[in-house]
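J.: Below is one structure. I have some questions about it.
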């Protein structure tokens, strides 16, 4: 019933080998480091694509590392949800590969390490192994946050590092608690043991501790104080990558924990509260923010809060809504960041931008309409899925979630339209705002094209996401695939 | 968003805020400590459900042929974790190297140590090298292994640098060793794919207790030892040496 697919290690092994080899060559031929790294990412992407095709046709795959079957050894578990985010990570790393001054050996090595770590994070089915890959991803992102080599960047990266290390330590305590109570680290094994062994305050505390670690990356309130500072000071490509995809990886891991280890009400309530606070704090701060870069940093907190709200609705419908919201945000937000990187400074200084760079302004309008949720853009369908899931499972908490979501959307619309009005301000002759070179606009345009393509293929996309959510919400079937293999 | 004390002089305000921060931090730490204490006391000590632990302890020796059960777990059952940990160190060293590149160093760090330390540092060098190598290659038999031995190897190269920061350190060789050692680990892992899965143990289990036993596990340990050693030595050389040698 489940295929054994040892090749599932390649998305981790290929970028890892690249990261180990890159510094050797970069010392002598610095200009080739970027090219070599891109080739490694392409190789990793095509391997991941081939694996994804095999998983889409033959069902979820399992591989027991070192031949030690679960729960004694470490397993990788790949279903369609994991492959989707694996591919998204590969695409994002390729798209936001460092350019110009940033494309030296150091940042390129860190990008490959980030790719290897993120891939392992999304594929691993073992609690401690997830922690190890989370650390690789985290350490690489601290370094990338400082890769702009500015004073502000160093300061922001240091604070990010301290906050992240505290979060990781708390996560490790959470893992220790779980292991002490259940005697296993395998997620599939835990899904059978945890419902009766991990109950009461200890279980809830373990979940909160795990979330404290993951929440740093997933930008959950109150662990997201680094967000505006790092995204403002780091190179725009790094901000786009961290906000766009890496934060979602942490969110997907949190989802795995909720489904497999903490299926009770307590964990869902914690996610609900974190989501409500995230949406309110993020949208209101975004409304008050002075520059576009700040606005989008805060709005990214709000968007991840919405994903948390969706995941807090138990059942496949909530998961489907969360996946759709996360995927939509992963396309839209990096494009926003690439635009904001050129339009730095106060929003008021961008009056008349439509005359200087019409293409960028119209792209901004389309992205705004989609993220607010105006039909027929994909953002509408993501929010629609959320409302549908909420109406199917009504409770007091869910109603608050719906209200917060709609209120957040209103605030979101207010500040995005305010910016658009400035761009179209009359009486400005133009010439005062920065223009875009094609290379600067290309990644954002590419993402805009993906968004429009998604609008056309919305029906098959929706069906595929709901299938994915069914698969990812069924803990018993996942456990059977990993543990009952008859070996 | 002005605070209520906005009229107070900046110096006094800052002073008050520091006090508040200290009190808040102490309260927070106390609360966190109490919470963790409560949690830990809810987990029975010494009678944890050890199903995975017991099962591994029962079969580890027979399956891996490693006398040191810690090695059997570290490189066998949890080999991927170990590769991940080596990668964390590698990533941290790469990030630190990137941040430190071109950073200026203070006068104090360029100071030569006294005559006794300088002489002893070079005399220690061969002994540390042998000890490090011994601990690495016996990692599957006795306590020790790649991480511990690697740290001693790093100390061998770093002690002379600490004694006289102007002495040469070859970063190119360190980077070369670091990169290829990591590559060897991954390639051995990929070779395991031919026998079923990533990091499957190769070359059989051998005679228990012999130096050449436990199949490919000692090879992994040698790779880890070289990688950890070159990484630590290179990182510390970046912090304390080199720059002052150039200036």
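The values are calculated or read from the model by the stated rules, or taken from the named source; none is laboratory data. In this text the structure is predicted, and so the values were computed from the model without any measurement. Cβ placement follows ideal geometry from the backbone for every residue including glycine, while neighbour counts extend to all protein chains displayed.
J.: Of the numbered conditions (1) at pLDDT 90 or above; (2) within 30 Å of residue A:16 (Cβ to Cβ); (3) away from chain A (no Cβ under 14 Å), residue B:161 fails exactly one; give the number of that condition.
T.: In the conditions (1) at pLDDT 90 or above; (2) within 30 Å of residue A:16 (Cβ to Cβ); (3) away from chain A (no Cβ under 14 Å), residue B:161 misses (1) alone.
J.: Which one of these is over 19 Å from residue A:408 (Cα atoms) and out of contact with any helix residue (DSSP H, G or I) (no Cβ under 9 Å at 6 or more places or on another chain): A:358, A:334?
T.: On inspection, the qualifying residue turns out to be A:358.
J.: Out of all the residues in the range A:347-365, is one or more in contact (Cβ under 8 Å) with a residue 12 or more places away in the chain and under 30 Å from residue A:274 (Cβ atoms)?
T.: yes
J.: Determine which member of the set B:185, B:198 is crowded, with 19+ Cβ neighbours inside 10 Å, in contact (Cβ under 8 Å) with a residue 40 or more places away in the chain, within 13 Å of another protein chain (Cβ to nearest Cβ) and within 17 Å of residue A:8 (Cα to Cα).
T.: The conditions single out B:198.
J.: If you don't mind, another one. Does the range B:198-218 contain any residue that is under 30 Å from residue A:6 (Cα atoms), out of contact with any helix residue (DSSP H, G or I) (no Cβ under 9 Å at 6 or more places or on another chain) and outside any loop (DSSP other than H, G, I, E, B)?
T.: No, that holds for no residue.
J.: Would you check if residue A:334 is surrounded by 24 or more Cβ atoms within 10 Å (Cβ to Cβ) and either free of Cβ contacts under 8 Å to residues at least 12 places away in the same chain or under 18 Å from residue A:248 (Cβ atoms) (or both)?
T.: Yes; evaluated as a whole, the condition is true for this residue.
J.: Only one of (1) touching a strand residue (DSSP E or B) at 6+ places or on another chain (Cβ under 7 Å); (2) surrounded by fewer than 24 Cβ atoms within 10 Å (Cβ to Cβ) is not met by residue A:97, so which one is it?
T.: Evaluating residue A:97 over (1) touching a strand residue (DSSP E or B) at 6+ places or on another chain (Cβ under 7 Å); (2) surrounded by fewer than 24 Cβ atoms within 10 Å (Cβ to Cβ) leaves (1) as the failure.
J.: If you take the residues of the range A:116-145 that are closer than 15 Å to residue B:96 by Cβ and touching a residue at least 40 places away in the same chain (Cβ under 8 Å), which of them is surrounded by the fewest Cβ atoms within 10 Å (Cβ to Cβ)?
T.: Top of the filtered list is A:138.
J.: Same structure again: Of the numbered conditions (1) surrounded by 19 or more Cβ atoms within 10 Å (Cβ to Cβ); (2) modelled with pLDDT under 85; (3) more than 30 Å from residue B:163 (Cα to Cα), residue B:238 satisfies every one except a single condition; which is it?
T.: (3)
J.: Of (1) surrounded by fewer than 23 Cβ atoms within 10 Å (Cβ to Cβ); (2) more than 14 Å from every other protein chain (Cβ to nearest Cβ), residue A:271 satisfies all except one. Which?
T.: So the condition that residue A:271 fails would be (1).
J.: Yes or no: residue B:132 in contact (Cβ under 8 Å) with a residue 60 or more places away in the chain, under 26 Å from residue B:193 (Cβ atoms) and either within 13 Å of chain A (Cβ to nearest Cβ) or within 22 Å of the chain's Cα centre (by Cα) (or both)?
T.: Here the answer is no, as residue B:132 does not meet what is asked.
J.: Given (1) more than 13 Å from chain B (Cβ to nearest Cβ); (2) loosely packed, with under 15 Cβ neighbours inside 10 Å; (3) closer than 13 Å to residue A:107 by Cα, where does residue A:30 come up short, assuming only one miss?
T.: (1)
J.: A further question on this structure: Conditions first: (1) modelled with pLDDT of 95 or more; (2) within 11 Å of chain B (Cβ to nearest Cβ). Residue A:102 passes all but one, so which condition is the exception?
T.: (1)
J.: What about residue B:50, is it modelled with pLDDT of 85 or more and within 29 Å of the chain's Cα centre (by Cα)?
T.: Judged against the criteria, residue B:50 is not a match.
Yes/no per residue for (1) closer than 22 Å to residue A:17 by Cβ; (2) in a helix (DSSP H, G or I); (3) more than 9 Å from chain A (Cβ to nearest Cβ):
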site: B:52; (1), (2), (3): no, yes, no
site: B:55; (1), (2), (3): no, yes, no
site: B:59; (1), (2), (3): no, yes, no
site: B:67; (1), (2), (3): no, no, yes
site: B:76; (1), (2), (3): yes, yes, no
site: B:80; (1), (2), (3): yes, yes, no
site: B:87; (1), (2), (3): yes, yes, no
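J.: Looking at this structure, is residue A:17 assigned to a helix (DSSP H, G or I), within 9 Å of another protein chain (Cβ to nearest Cβ) and either modelled with pLDDT of 95 or more or under 30 Å from residue A:185 (Cβ atoms) (or both)?
T.: yes
J.: Here's a follow-up. Scan the range B:210-218 and tell me whether some residue there is surrounded by 23 or more Cβ atoms within 10 Å (Cβ to Cβ) and within 11 Å of chain A (Cβ to nearest Cβ).
T.: For the range B:210-218, residues surrounded by 23 or more Cβ atoms within 10 Å (Cβ to Cβ) and within 11 Å of chain A (Cβ to nearest Cβ): present.
J.: Same structure, new question: Tell me which residues, restricted to the range A:348-360, are closer than 12 Å to residue A:425 by Cα and outside any loop (DSSP other than H, G, I, E, B).
T.: Within the range A:348-360, A:348, A:349, A:350, A:353, A:354, A:355 meet the criteria.
Here's the yes/no breakdown for (1) closer than 18 Å to residue A:249 by Cβ; (2) surrounded by 17 or more Cβ atoms within 10 Å (Cβ to Cβ); (3) within 14 Å of chain B (Cβ to nearest Cβ):
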position	(1), (2), (3)
A:46	no, no, no
A:62	no, yes, yes
A:73	no, yes, yes
A:77	yes, yes, yes
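J.: Next question, about the same structure. State which residue is nearest to residue B:216 (Cα to Cα) when the search covers only the range B:172-182 and only residues that are more than 7 Å from every other protein chain (Cβ to nearest Cβ) and buried (at least 17 other Cβ atoms within 10 Å of the Cβ).
T.: By that ranking, first place goes to B:181.
J.: I've got another one for you. For the range A:128-219, which helices (runs of 4 or more DSSP H) that fit wholly inside it have 1 or more residues that are more than 8 Å from chain B (Cβ to nearest Cβ) and in contact with a strand residue (DSSP E or B) (Cβ under 9 Å, 6 or more places away or on another chain)?
T.: Those helices (runs of 4 or more DSSP H) span A:187-197.
Residues are listed down the side, and each one gets a yes or a no for (1) assigned to a helix (DSSP H, G or I); (2) without any contact (Cβ under 8 Å) to a residue 60 or more places away in the chain:
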| residue | (1), (2) |
| --- | --- |
| A:385 | yes, no |
| A:436 | no, no |
| A:449 | yes, yes |
| A:469 | yes, no |
| A:485 | no, no |
